[in-house]
Amino acid sequence: MIPVEQIIKNEPDKNLQTIASKILSNKRITPEDGLYLFEHAGLPYLGALANHVREKIHGDKTYFNRNFHIEPTNICVFACKFCSYSRLYAHRDEGWELSIEQMLDKVKEYDGQPVTEVHIVGGVHPKMNLEFFAELLRKIKTHRPDLHIKGFTAVELDYMFRKAKKSVEEGLLYLKEAGLDSLPGGGAEIFHPDIRKQIADDKVDAEGWLLIHETAHRLGMHTNATMLYGHIEDFVHRIDHMERLRQLQDRTHGFNTFIPLKFRNGDNEMSDVPESTMVEDMKMYAVARLYLDNFPHMKAYWPMLGRHKAQLTLAFGVNDIDGTIDDSTKIYSMAGAEEQSPSMSTGQLVTLIKQVKRKPVERDTLYKTLVEY
Ligand code: V47
Ligand code: SF4
């Protein structure tokens, strides 16, 4: 790899040189700098800088975990235009809804296996309320107390809490006491109202999403953050999104990971919108690594990107490729993602990471190192 100093010295654009010197001297870049990077920086330049930051924080370490997903239902009261997954409540005969016992049976399938995390996310079903999920959490924890439960997007939580007439703090405390350990990053989409109202008009807005995560952080829970990119948004909306996350993280330091989610156009109301190219995807990861200077981790979600692109992201700022997953999610396969039955053994994940000369590290949800390979 060409040394970062060399790439920057050869860069004729003075603005890009100034931004690079800020990054190399650990200074924060501004929203204008972030926009300039998206609009003017080439891929080798962004890759060199993002990789420099990644290696400064993590060296060659690349994290993964052993996890599986439970998707309680794909029936949803909302109608996000990009969603290939949900079946509207009115068409519930086409969807699935799992009982508490059926979900517990899924947990029991992993008895004796060294999984460390269950990720629970689904549609927003009006009958699956706060009490239903609290009961599910209690039953999972009674059966397997050591299993970390990362569950429910801010969209699901906002709906649950409103229906139960609880404040965000009351609702989160109730679920925490029932066994909820942390929150995943979904439902963030694009915060800027100009875009959000076109693609996800009827669900929790930016302020509501951020309030739920801020409250979770204050209650001692860690959370992730996502951004759905590569559809009708402009670079300015991506920067606005990341700026809001960066400001919240300055206050709480409760986010673990940022996960850019590439929009997939299979079988949804936005199928006419072309998907982003591989170069655009790598630029997105790199700018995210440079902009979110207070986020410890950048994750590429391999079921969505495919294994080989996920490998490539490790040269563009990413230091985490999620987990084994075990064919337990349908969100992306239904949107046309490369991985139709996502599942990788620990050995396959380790090989994938080693093939690109990085060091595989098995972690738990909170990034405690479990095994270094
Ligand atoms: O919020 C839905 C996205 C998200 C499409 O926190 C789509 O560790 C692309 O947030 N094209 C849910 N994306 C999944 C999620 C997640 C996944 C993995 C790990 C973590 C974590 C969180 O899926 C939704 C939405 O942004 N999504 N449809 C689509 N057509
Ligand atoms: Fe429902 Fe989530 Fe799909 Fe939106 S993205 S329609 S909230 S399942």
Is it the case, given these coordinates, that residue 207 is assigned to a helix (DSSP H, G or I), of a type outside the set (Phe, Trp, Tyr) and open to solvent by 20 Å² or more (accessible area, probe 1.4 Å)?
yes
Taking region 182-202 and keeping only residues that are within 12 Å of ligand 1 (Cβ to nearest atom) and either outside any loop (DSSP other than H, G, I, E, B) or over 23 Å from residue 259 (Cβ atoms) (or both), one is left with 182, 183, 196, 199
Please go through (1) farther than 27 Å from residue 346 by Cβ; (2) crowded, with 19+ Cβ neighbours inside 10 Å; (3) not assigned by TED's automatic domain parsing to the domain that holds residue 310 for residue 25 and return the number of the only condition it doesn't satisfy.
(2)
Just to be sure, is residue 169 at pLDDT 95 or above, surrounded by fewer than 19 Cβ atoms within 10 Å (Cβ to Cβ) and of a type in the set (Asp, Glu)?
yes
Can you find even one residue in region 111-118 that is open to solvent by 10 Å² or more (accessible area, probe 1.4 Å) and in contact with a His (Cβ under 8 Å, 6 or more places away or on another chain)?
yes
Filtering region 291-309 down to residues that are open to solvent by less than 10 Å² (accessible area, probe 1.4 Å) and in a helix (DSSP H, G or I), which residue is nearest to residue 49 (Cα to Cα)?
291
Only one of these is among the basic types (Lys, Arg) and within 23 Å of residue 80 (Cβ to Cβ): 238, 246, 218, 251. Name it.
238
Residue 35 vs. criteria under 30 Å from residue 205 (Cβ atoms), under 23 Å from the mean Cα position of the chain (by Cα) and at pLDDT 95 or above:
yes
Condition (residue is of a type outside the set (Ser, Thr, Tyr), in contact with a Lys or Arg (Cβ under 9 Å, 6 or more places away or on another chain), outside any loop (DSSP other than H, G, I, E, B) and within 16 Å of ligand 1 (Cβ to nearest atom)) applied to region 163-181: is it met by at least one residue?
no
Out of all the residues in region 261-290, which are away from ligand 2 (no atom under 16 Å from the Cβ) and either in a strand (DSSP E or B) or open to solvent by less than 20 Å² (accessible area, probe 1.4 Å) (or both)?
276, 281, 282, 284, 285, 286, 287, 288, 289, 290
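The values are calculated or read from the model by the stated rules, or taken from the named source; none is laboratory data. Quantities reported herein were computed from a predicted structural model and do not represent experimental measurements. Reconstructed Cβ throughout: ideal geometry from the backbone, glycine too, with neighbour counts over all protein chains shown. What goes into the accessible areas is simple: the full protein's heavy atoms, side chains included, and nothing from ligands, DNA or RNA. Shrake-Rupley method; radii C 1.70, N 1.55, O 1.52, S 1.80 Å.
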